[in-house]
Amino acid sequence: MKMNFDFLYKNGTKETFEQVVTEEDQQALIEVLSTIEISMKEGIDACITFGKEGHGWHYVRMSEVVRVTTNVIEGEPE
């Protein structure tokens, strides 16, 4: 499956990450969603990462985020 993560930062910038999630990645997805929820509710500092096509990562500092929207954009786990 694929998921979109839409972030709205305190400075008004919007950013979207599309993440492919396989059966092997499901636990990591649960951890990312939990980290987002806890950081939004409790105001804790957290950094989450999203893989980029090819090599590398996107890092998001949750202290700079005011809203996160998630959407499943494609089917069941592969």
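Summing Lys, Arg as +1 and Asp, Glu as -1, what charge do residues with Cβ under 15 Å from the Cβ of Leu8 carry, Leu8 excluded?
+1
Per the 1.4 Å probe, what fraction of the accessible area of the chain, in percent, lies on carbon and sulfur atoms?
Ligands and nucleic acids excluded, carbon and sulfur give 47 percent.
Note down the relative contact order for the chain as a percent, whole number, built from C-alpha pairs under 8 angstrom at least six residues apart.
The value is 45 percent.
Note down the nm distance, to one decimal, between modelled labels 7 Å out along Cα→Cβ at Asp45 and at Arg61.
0.9 nm
Mean residue ellipticity at 222 nm from the helices of the chain, using -39,500 (n - 2.57) per DSSP H segment of n ≥ 4 over the full residue count, to the nearest 500 deg cm²/dmol?
-7500 deg cm²/dmol
What is the set of long-range amide H partners of Ala46 at a cut-off below 5 Å, with H atoms built 1.01 Å from backbone N?
Met62, Ser63
The values are calculated or read from the model by the stated rules, or taken from the named source; none is laboratory data. Bear in mind the structure is a predicted one, so any value in this text is a computation, not a measurement. All Cβ positions, glycine included, derive from the backbone under ideal geometry; neighbour counts span all protein chains shown. Side chains included, ligands, DNA and RNA excluded: accessible areas come from the protein's heavy atoms. Shrake-Rupley method; radii C 1.70, N 1.55, O 1.52, S 1.80 Å.
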